[in-house]
Amino acid sequence: MSAYQTLINKIENKEAVIGVVGLGYVGLPLAVEKAKAGYKVIGFDVQAARVEQVNMGINYIGDVVDQDLADMIKDGRLEATTDYAKIQEVDAVAICVPTPLDIYQQPDTSYVESSSNEIAKYAHEGMLVVLESTTYPGTTEEIVKPALESKGLTVGESVFIAYSPERVDPGNKQFKTKNTPKVVGGITENCTKVASALYRNVLEGDVFEVSSPAIAEMEKIFENTFRHINIALANEMAILCEKMGIDVWEVIDAAKTKPYGFMAFYPGPGLGGHCIPIDPFYLTWKAREYNYHTRLIELSGEINNSMPEYVINRAMQILNEDGKALRGAKITILGVAYKKDIDDVRESPVLKIVELLEQHGADYTVVDPYVASFKSCGAKVETVELSKQLLNDSDLVLVTTDHSDFDYKMIADESKVIFDTRNAMKDVEKPNKYVKL
């Protein structure tokens, strides 16, 4: 029996052992879902503390149900390790490691490279390797494929390689790893079929097969570039509407009544998270290889990256109207997470806002029920609980994350001046001095 058919049989019979490299926001939910589907799963991570937490059944990812993780550990379906030698025991492995930008805004694929090389050390015939990390088109064939071929394995015959982009949306109540549709592109047809078979046996969402890893890689970047550009448009509209004395939020609400040809995107204090602020620039970097400049992406980046400074300038204007300067003003910031109802501060625009407040000498306090502390300019910043006294004492209350946990009626009742960058208080009676982005 061929290596292909043997692996297919193992997958269909739930006899395959599955590896997941990287136990973060993408990897841990995927590992838990694969274990829940009936597979034995081994999670790999270079962080010993994270591995220890998993093995103790302690959850640290919001989109994972605590009891699900605990049950999978207790039943022996899931284990974690820092020892890549255990790759010898797995039949399929997913790479879910970070793909950040470096200080020059160029792709840092070092995590993908090191993971691929570690897997290659212990790779064996009849293994599936799927890259899930978001990256530029060509990564799977330029990095993962050569690493495995260096072991003398033949792609499509003795080893199977595919790309299937993660589609994690932290805090999304409707779509999780389990029910979000999957795109899969293998280097060969057999690679695609093996990877698709695994996902169909794990997930409830549809599995859509494409003709190559590059198609799947580009598809993922297109998704996030689409959002990046449309958010930039919403931000630019917000800036123009403010100058014209028009409520941009009402404009968007009116526009979205159209049942076709319009999709609502909203302005805010800037972009955050592990995807949208970063992924489009992977494409910008790759495009230069083809002597092409992605002007729309770069312009959108300029607009979105300028929003924290725009927020600070607006805050200055609001304070000036009351005869106050930003320097020495007491500012209460509501929310540091990059989106509502999560604890993720990665690339949060509020970090830049805090940095700018420090530069201007403001006396700021941060409130976030999901984030106990964060780092700003290398120093640890502790968040505090929201209180009437804090609001009473503030010269300006700045709403930067629209957490559902915030008591917006109390905020409205107890605050002297509010600058709401998220339209979070649309459903409560506003104080005399209330300004929206």
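The values are calculated or read from the model by the stated rules, or taken from the named source; none is laboratory data. Nothing here was measured: the structure is a model prediction, and the numbers come from that model. Note: ideal-geometry Cβ built from the backbone for every residue, glycine included; neighbour counts use all protein chains shown. Surface areas here come from the heavy atoms of the whole protein model, side chains and all, with no ligands, DNA or RNA. Shrake-Rupley method; radii C 1.70, N 1.55, O 1.52, S 1.80 Å.
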> Counting Lys and Arg as +1 and Asp and Glu as -1, what is the net charge of the other residues whose Cβ lies under 10 Å from the Cβ of His124?
Replying inline: -2
>> Here is the link list: Lys340/Lys416; Lys40/Lys121; Lys36/Lys375; Lys34/Lys145; Lys388/Lys430. Which ones come out longer than 27 Å on Cα distance?
In response: Lys36/Lys375
>> Full-extension gain between Val384 and Gln67, please, as 0.36 nm times their residue separation minus the C-alpha to C-alpha distance.
In response: 111.2 nm
> Can you list the chymotrypsin sites (Phe, Trp or Tyr not before Pro) in the stretch 123-204 that are in a DSSP coil and have 15 or fewer other beta carbons within 10 angstrom?
Replying inline: Phe175
> For Lys433 and Val17 in the same chain, what is the full-extension length gain: residue separation times 0.36 nm, less their Cα-Cα distance, in nm?
Replying inline: 143.7 nm
>> Taking a cut-off of 14 Å, what percent of all Cα-Cα pairs in the stretch 352-421 are separated by more than that?
In response: 62
> What is the gain in length, in nm to one decimal, between Glu52 and Lys416 on full extension, counting 0.36 nm per residue of separation less the C-alpha to C-alpha distance?
Replying inline: 126.3 nm
>> At 1.4 Å probe size, what's the solvent-accessible area of Thr134? Round to the nearest 10 Å².
In response: 10
>> I'd like the Karplus ³J(HN,Hα) series for the stretch 395-405: coefficients 6.51, -1.76, 1.60, θ = phi - 60°, whole numbers in Hz, and an x wherever there's a Gly or Pro.
In response: 6, 8, 9, 10, 8, 10, 9, 8, 4, 5, 6
> Each residue of the stretch 377-385 in order: what ³J(HN,Hα) in whole Hz does its phi give by Karplus 6.51 cos²θ - 1.76 cosθ + 1.60, θ = phi - 60°, with x for Gly and Pro?
Replying inline: 6, x, 9, 7, 10, 8, 8, 10, 7
>> Under 5 Å between amide hydrogens, which residues at least 5 positions from Lys182 or on another chain qualify, with H placed 1.01 Å from N in the peptide plane?
In response: Asp206, Val207, Phe208
> Tell me, Kirkwood radius of the stretch 76-140 from alpha-carbon pair distances, in Å?
Replying inline: 13.1
> Hey, with R₀ at 51 Å, roughly what FRET efficiency would Asp393 and Ser2 work out to, going by the Cβ-Cβ distance, to 0.05?
Replying inline: 0.10
> Taking K and R as +1 and D and E as -1, what net charge do the other residues with C-beta under 12 Å from the C-beta of Ile143 add up to?
Replying inline: -4
> In percent, what relative contact order does the stretch 33-123 have, based on Cα pairs under 8 Å that are 6 or more apart in sequence?
Replying inline: 27
> Could you give the distance between the Cα centres of the stretch 136-161 and the stretch 218-237, to the whole Å?
Replying inline: 31
> Comparing Lys34, Lys121, Lys243, which has the greatest mean-square fluctuation in the GNM of the chain with Cα pairs linked when under 10 Å apart?
Replying inline: Lys243
> So how long is each side of the stretch 282-437 along the principal axes, counting just the alpha-carbon atoms, biggest first, in Å?
Replying inline: 58, 34, 32
>> Given R₀ = 22 Å, what would the calculated FRET efficiency be for Leu101 paired with Asn291, taking r from the Cβ atoms and rounding to 0.05?
In response: 0.55
> Going by the alpha-carbon gyration tensor, a ≥ b ≥ c the square roots of its eigenvalues, is the stretch 1-150 rounded (a/c under 1.5) or, if a/c is not under 1.5, prolate (a/b greater than b/c) versus oblate?
Replying inline: oblate
> What is the list of residues in the stretch 1-38 whose amide nitrogen lies under 12 Å from a point 7 angstrom out from the Cα of Glu142, following Cα to Cβ?
Replying inline: none
> So how long is each side of the chain along the principal axes, counting just the alpha-carbon atoms, biggest first, in Å?
Replying inline: 81, 50, 42
> What is the set of long-range amide H partners of Val46 at a cut-off below 5 Å, with H atoms built 1.01 Å from backbone N?
Replying inline: none
> Rg and Dmax of the stretch 244-362, Cα atoms, in Å?
Replying inline: 17.5, 54
> Per residue and in Å³, how big is the convex hull formed by the alpha-carbon atoms of the stretch 143-194?
Replying inline: 88
> Alpha carbon centre of the stretch 252-304 versus the stretch 387-420: separation in Å?
Replying inline: 30
>> Rg/Rh for the stretch 5-55 to two decimals, with Rh computed the Kirkwood way over all alpha-carbon pairs.
In response: 1.04
> From the residues Ile303, Thr284, Pro369, which one has its Cα farthest along the dipole of the chain in the positive direction, the dipole being from +1 and -1 charges on Cβ of Lys/Arg and Asp/Glu about the Cα centre?
Replying inline: Ile303
>> In the chain, if the dipole is taken from +1 on Lys/Arg beta carbons and -1 on Asp/Glu beta carbons about the Cα centre, which of Thr177, Ala16, Ile246 is farthest to the positive end?
In response: Ile246
>> For Ser376, what residues show an amide H to amide H distance below 5 Å, using hydrogens built from the backbone and excluding near sequence neighbours?
In response: Val381
> Tally Lys and Arg at +1 and Asp and Glu at -1 over the other residues with C-beta under 13 Å from the C-beta of Ala362: what net charge comes out?
Replying inline: -1
